1. With the condition kept exactly as written, say whether any residue in region B:141-155 is touching a helix residue (DSSP H, G or I) at 6+ places or on another chain (Cβ under 6 Å) and among the hydroxyl-bearing types (Ser, Thr, Tyr).
2. Which one of A:76, A:34, A:88 is under 27 Å from residue B:303 (Cα atoms), within 14 Å of chain B (Cβ to nearest Cβ) and touching a residue at least 60 places away in the same chain (Cβ under 8 Å)?
3. Could you figure out which of (1) more than 8 Å from every other protein chain (Cβ to nearest Cβ); (2) part of a helix (DSSP H, G or I); (3) at pLDDT 90 or above isn't true of residue B:123?
4. Only one residue in A:168, A:182, A:232 is free of Cβ contacts under 8 Å to residues at least 40 places away in the same chain and of a type in the set (A, V, I, L, M), so which one is that?
5. Please verify whether region B:322-335 includes one or more residues that are more than 7 Å from chain A (Cβ to nearest Cβ) and either under 30 Å from residue A:267 (Cβ atoms) or in contact with a helix residue (DSSP H, G or I) (Cβ under 7 Å, 6 or more places away or on another chain) (or both).
6. Mind checking which pairs have a first residue in region B:31-48 that is more than 9 Å from chain A (Cβ to nearest Cβ) and in contact (Cβ under 8 Å) with a residue 24 or more places away in the chain and a second that is surrounded by 14 or more Cβ atoms within 10 Å (Cβ to Cβ) and not basic (Lys, Arg), Cβ under 6 Å, 6 or more apart or different chains?
7. Counting residues that are touching a Leu at 6+ places or on another chain (Cβ under 8 Å) and under 30 Å from residue A:539 (Cβ atoms), which helices (runs of 4 or more DSSP H) fully inside region A:5-116 reach at least 1?
8. Got a number for residues in region A:488-529 being assigned to a helix (DSSP H, G or I), in contact with a strand residue (DSSP E or B) (Cβ under 7 Å, 6 or more places away or on another chain) and surrounded by fewer than 18 Cβ atoms within 10 Å (Cβ to Cβ)?
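The values are calculated or read from the model by the stated rules, or taken from the named source; none is laboratory data. Because the structure is predicted, anything quoted here is derived from the model rather than measured. Positions of Cβ are backbone-derived with ideal geometry, glycine not excepted, and every protein chain shown enters the neighbour counts.
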Amino acid sequence: MSEHHHKETFVTKYIFSQDHKMISKQFLITGMIMGVIGVFMSMLFRLQLAWPEKSFSIIEAFLGPHQTDGVMNPDMYLALVTIHGTIMVFFVLTAGLSGTFSNLLIPLQIGARDMASGFLNMISYWLFFISSVVMVISLFVEAGPASAGWTIYPPLSALPQAIPGSGAGMTLWLVSMAIFIASSLIGSLNYIVTILNLRTKGMKMTRLPLTMWAFFITAIIGVVSFPVLLSAALLLIFDRSFGTSFYLSDIFISGEVLHYQGGSPVLFEHLFWFLGHPEVYIVLLPALGITSEIISTHSRKPIFGYRAMVGSIMAIAFLSTIVWGHHMFISGMNPFLGSVFTFTTLLIAIPSAVKAFNYITTLWKGNLQLNPAMLFSIGLVSTFVTGGLTGLVLGDSALDINIHDTYFVVAHFHLVMGVSAIFGMYAGIYHWFPKMYGRMMNKSMGYWHFWVTMISAYGVFFPMHFIGLAGLPRRYYTNTAFPMFDDVADTNVVITIFALIGGAAQLIFLANFFISIYRGKKATQNPWNSNTIEWTTPVEHLHGNWPGKIPEVHRWAYDYSKKVDPEDDDSDYLHGQDWVSQTTPLLEGEESS
Amino acid sequence: MLALFYIFIGVAIGVSFWQITRIMNFRSVIATDKDNNFQGKMFLGFLAFLYAMMIYCLIWMNVIMLPESASIEGEHDDTLFDISFWLIGIAQFIVQFLIFYFTFKYRGKKENKAKFFADSHKLELIWTVAPAVVLVVLIGYGLWQWNNIMYVAEDEDPLVIEVYAQQFRWDARYAGDDNTLGLGNVNFIKGVNTMGVDMGDEFSQDDKQVTELHLPKGRKVLFKFRSQDVLHSAYMPHFRAQMNCVPGMVTQFAFTPKYTTEEMRQNKEVVAKVDGINKIRKENGAEESYEFDYVLLCNKICGASHYNMQMKIVVETEEEFNDWLAKQPTLAETIK
């Protein structure tokens with residue numbers, strides 16, 4: 001296959017490419033553009049929260065008809081938080097993260113020439129691209145984009161009378177998401193089939209790197225839960241456009257009674273969160289997989305408890321599909337259901353704790369190479385723990401009553417899935433950049449990027465827990481209507497300053513990224529001395545990945561610092577160096593791990 | 001046009017930066033021992049920063065937090081919250097220490113060798129069982145309290161009040177002498193009958209519609225929630241109470257007020273919080289000073305004025321409450 005070089009034109013190589021490496025870059029760049037939009041929006045609404053009545057020329061410049069003298073309008077505030085959430089969760093952290101690294105790494109780490117279906121892979125990207133374009137177009141609709149929150153609960157999302165964004169803006173949102181789901185499903189099926197069928201000789205499932213396990217399980221959760229969101233969206237489209245009453249009943253608005261009878265918004269909440277909660281893990285598991293790989297490689301130590309890590313990924317995935325009701329404790333559903341969901345929800349703490357402790361044990365007595373990728377992975381473990389612990393409070397239905405939909409929740413999920421997943425994504429980019437572009441990223445800029453981001457992430461989200469405990473609801477345009485919240489104003493200013501600094505720090509990353517593509521130091525074949533087999537491919541990309549035969553795999557991916565005498569930590573390395581590629585056959589008498 | 005101007009400036013900065021980087025060194029790419037050493041120490045410094053921030057928030061931001069529960073049912077919420085917060089607080093202090101201290105201690109050096117340590121069932125057993133044990137406590141207490149709050153026994157004879165939501169206001173309806181609410185539906189909304197009460201229902205006649213919620217101290221109150229347009233959420237933070245208002249269905253929540261508004265104003269935590277707020281208001285030049293009141297606010301995104309959808313709650317003694325209620329007209333009087 002590798003000898004068979006068909007002529008590639010610009011279009012087949014860079015645009016309608018079927019090569020997984022190019023598709024992964026396409027996902028990454030599109031995700032980054034969407035990320036810039038999403039983060040920029042959060043900067044705008046943070047300005048509004050810190051200085052509610054102040055005029056900003058940047059708001060005047062970008063919000064056009066949705067602002068008055070540089071102060072954004074209330075419905076535009078809601079639109080911004082809605083689109084910020086949608087873009088960050090789906091377009092950046094689902095497509096940008098999973099799409100990029102699943103595509104890049106699956107064939108390379110399991111030893112395949114390409115994805116099972118290169119064509120479907122290409123379709124998956126282009127559907128994602130179309131859905132991104134539709135989402136961006138929806139920002140320019142006259143009445144404003146969708147503004148019912150990223151959870152788009154009807155009736156608010158169904159009735160343009162209720163909020164202007166529920167007109168054409170909401171229609172485009174639904175269309176965009178329907179296309180997005182199609183893209184995600186095609187991609188996920190491809191990942192599953194590829195991992196199951198195209199592993200190279202010797203790559204047993206039990207020898208898969210943890211990244212592969214994470215992407216594999218993530219794809220399965222996606223296939224199980226995304227179709228449910230699609231049906232929820234379709235029924236909402238029916239209610240909005242064809243007069244059905246799946247979610248609507250007994251509504252009096254703008255002076256008239258609407259015809260809807262017998263539907264229930266609670267049904268929508270069930271359907272939405274049946275995806276919505278697994279979605280958290282669709283976002284997070286790939287980041288955890290990437291981190292497992294990077295922490296092990298840069299600690300020069302095997303990942304601690306490989307089997308437990310795989311087991312906990314599976315346990316988290318399974319539990320994630322039966323906990324959605326914890327978003328609905330006070331939705332009006334039967335309190336008995338609340339009890340069940342409290343129980344299943346808190347169980348997730350167990351596999352999560354196992355993962356966190358296994359990371360920490362991997363660090364213990366390592367020889368830590370503190371490259372930017374490693375810093376972001378360690379940052380992930382830290383924010384994952386900080387954000388995860390407050391889940392014990394929120395998952396307890398009795399406590400959730402009083403902090404539901406307050407800033408406590410906002411702080412919790414931003415740390416545990418937002419910041420953590422972004423950190424995982426950054427770690428992945430710094431680590432595999434040489435594999436993607438054949439060059440290295442600059443480390444000094446990487447260090448600056450990490451530290452400013454880390455400090456601002458905590459600066460933004462840690463104090464936010466406490467304004468939530470003051471009872472401050474989320475999605476409030478301003479807190480000035482309640483004198484009881486006057487004492488959170490100072491904290492809001494601090495949070496906004498940290499947010500602006502953190503947002504600006506991402507420019508360091510963007511600069512580093514694009515400059516390194518062209519001016520970075522040329523990469524060597526295996527710059528991090530890593531065991532996984534993607535580093536046995538040549539630096540220059542070629543269609544089919546390996547020039548000759550695909551290498552055979554003889555061991556798991558984590559034989560770092562294996563010693564002659566397993567009991568003596570100071571004895572010589574068994575293979576003369578502190579890493580052993582998966583392609584190296586076992587020595588005579590060597591025990592496989 | 002201004003947006004274009006900003007974008008143009010951004011591009012200009014980007015291009016000049018690009019030019020500057022021509023002379024920059026993009027050759028340093030892999031961490032050396034010097035980097036490991038420095039970054040390891042940075043992590044130790046970050047640990048100090050994190051601890052300082054946690055302690056600052058836990059101690060000095062305490063004053064802005066909600067005061068003790070003003071409902072009897074909420075007392076256990078506060079206790080459960082304290083237990084949970086202590087547990088996760090301790091876990092947070094220990095685990096963050098381990099992460100950052102190990103990163104510092106085991107920062108890489110050329111001559112060092114990592115320990116080959118791939119598995120230990122004993123350790124894994126410990127950190128599977130330890131959280132499980134803690135969870136038994138949290139889940140057990142949590143579920144007990146949840147049942148406590150959510151199920152109202154028939155023999156408790158609660159005072160029934162309907163809370164009615166619409167964009168962007170709250171109304172309340174008292175069930176009157178029969179303590180039974182008349183039926184309601186959006187089809188009955190007309191003129192002064194803004195809550196759509198069915199006046200053909202005999203239970204409706206003595207109902208009373210008000211715009212300010214008054215509650216008697218020490219009597220269980222059963223709230224019935226309705227919404228006429230979109231989802232709203234009736235959030236009464238001081239009572240640890242919240243329930244969504246869902247168009248097309250009636251939801252409910254019950255609690256027993258523990259302190260009157262006057263008593264709550266004397267509460268130590270409330271006094272400290274109110275003082276703090278008034279100091280800030282004075283600095284900002286606000287004319288009126290703030291006085292504590294219970295409040296019901298909307299906590300489910302419901303439209304443009306979501307941020308200002310509120311209703312005042314007054315808790316008073318049974319006598320005061322009865323006097324106040326007697327003065328309110330019945331629906332039979334207001335709706336003809």
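1. Yes.
2. A:76 is the lone residue from the list that is under 27 Å from residue B:303 (Cα atoms), within 14 Å of chain B (Cβ to nearest Cβ) and touching a residue at least 60 places away in the same chain (Cβ under 8 Å).
3. It fails just one condition, (1).
4. Numbers: A:182 fails: free of Cβ contacts under 8 Å to residues at least 40 places away in the same chain; A:232 fails: free of Cβ contacts under 8 Å to residues at least 40 places away in the same chain.
Checking each option against the conditions leaves just A:168.
5. Yes, region B:322-335 contains a residue that is more than 7 Å from chain A (Cβ to nearest Cβ) and either under 30 Å from residue A:267 (Cβ atoms) or in contact with a helix residue (DSSP H, G or I) (Cβ under 7 Å, 6 or more places away or on another chain) (or both).
6. So the pair list comes out as B:44/B:104; B:47/B:100.
7. On the way: elements: A:20-50, A:57-63, A:74-86, A:100-110.
Result: A:20-50, A:100-110.
8. So the answer is 1.
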